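Quick notes on the structure that follows.
The values are calculated or read from the model by the stated rules, or taken from the named source; none is laboratory data. This one's a predicted model, so the numbers in the text were calculated from it and none came from an experiment. Cβ placement follows ideal geometry from the backbone for every residue including glycine, while neighbour counts extend to all protein chains displayed.
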């Protein structure tokens, strides 16, 4: 039971980490394909990430120490599990429920039911695709076990069982059939025509800010970890404080280059938003976009205590202004006297230079 709980915790943690890493690209794809981010769609993909990690933790973990494990045989006889189940008492419903072999077979079926559900509800595919996905993924897992995680271990430390292929595939098929109760577009919306603008809602504005924060965390951690690994794995010795400086400076530099070049943060680009007009005084307005948003948040974090607490006051103020304002422009729009719009929108008011403007 303890190993089951540990596997669940590990799967949830790794799934959440992966979700943070891929959040901005995921948002970008959703707003370009569907012009919005459905809450059920986000929850569905998050559940799939955790489920996918759970598959590997339950089927491969715990990993034994190399050289200190017993080699497990392969079970290649179809339906042998049913014969094995008959070795236990089976004359009553209660005995069947307590049968460990039948319980393991039921668990194998249940483990792949979500795959069938996701195949239909997330990817809008049918029963045959779910059947193929279940068989293919089960084969990959079983061969990973058979080969000792593709050669990492000298031999298999878990049993390759042909009956597992059948029960796992049956579970994926069952999940696809159960998913027919719900409409195919319940989780994944219909793709929308490309190029058409969508409303700038409070939710969309908030997602842009979360995407900026996710990029800050991912880029900063990647830079800091790279310095630490270089320090540990090479003869080069990192100067004191370099990893922390890179963890701050790299994401700030990436956002600064992005904003100064385009007038938009990474979160704006992911959610297809822009501040308008960009001219006149475009450089000043782009600096305002940077410092009135994620850049200002980062710089306040450099202040000495107790002034560094202003970073969180700034973040709260920025979120409230962005969500409460009618036009969702927030602090950068207020300071730069700009409006926020979908980047695909045609501007409504011509500027003196002949370009369109919406302010």
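Evaluated against (1) touching a helix residue (DSSP H, G or I) at 6+ places or on another chain (Cβ under 7 Å); (2) in a helix (DSSP H, G or I), residue 180 falls short on exactly one condition, (1).
Consider residue 175 carefully, then state whether it is touching a residue at least 24 places away in the same chain (Cβ under 8 Å) and closer than 15 Å to residue 114 by Cβ. Write out each step before concluding.
Values: touching a residue at least 24 places away in the same chain (Cβ under 8 Å): yes; closer than 15 Å to residue 114 by Cβ: yes.
Answer is yes for this residue.
Out of 323, 283, one residue alone is at pLDDT below 95 and under 29 Å from the mean Cα position of the chain (by Cα). It is 323. The residues listed here are 187, 173; of these, the one that is in contact with a helix residue (DSSP H, G or I) (Cβ under 8 Å, 6 or more places away or on another chain), outside any loop (DSSP other than H, G, I, E, B), buried (at least 16 other Cβ atoms within 10 Å of the Cβ) and outside the structural domain of residue 328 (by TED's automatic domain parsing) is 173. Hey, does segment 248-268 have a residue that's over 20 Å from residue 208 (Cα atoms), surrounded by fewer than 20 Cβ atoms within 10 Å (Cβ to Cβ) and modelled with pLDDT under 90? Looking through segment 248-268, none of the residues is over 20 Å from residue 208 (Cα atoms), surrounded by fewer than 20 Cβ atoms within 10 Å (Cβ to Cβ) and modelled with pLDDT under 90. In a residue-by-residue description of segment 337-346, the property of being in a helix (DSSP H, G or I) and surrounded by 14 or more Cβ atoms within 10 Å (Cβ to Cβ) applies to no position.
Scanning segment 288-324 for residues that are part of a loop (DSSP other than H, G, I, E, B) and touching a helix residue (DSSP H, G or I) at 6+ places or on another chain (Cβ under 6 Å) yields 292, 293, 301. The residue of segment 233-263 that is farthest from residue 222 (Cα to Cα), among those that are in contact with a helix residue (DSSP H, G or I) (Cβ under 7 Å, 6 or more places away or on another chain) and part of a loop (DSSP other than H, G, I, E, B), is 263. Taken together, the residues in segment 18-49 that are assigned to a helix (DSSP H, G or I) and within 22 Å of residue 198 (Cα to Cα) amount to 16.
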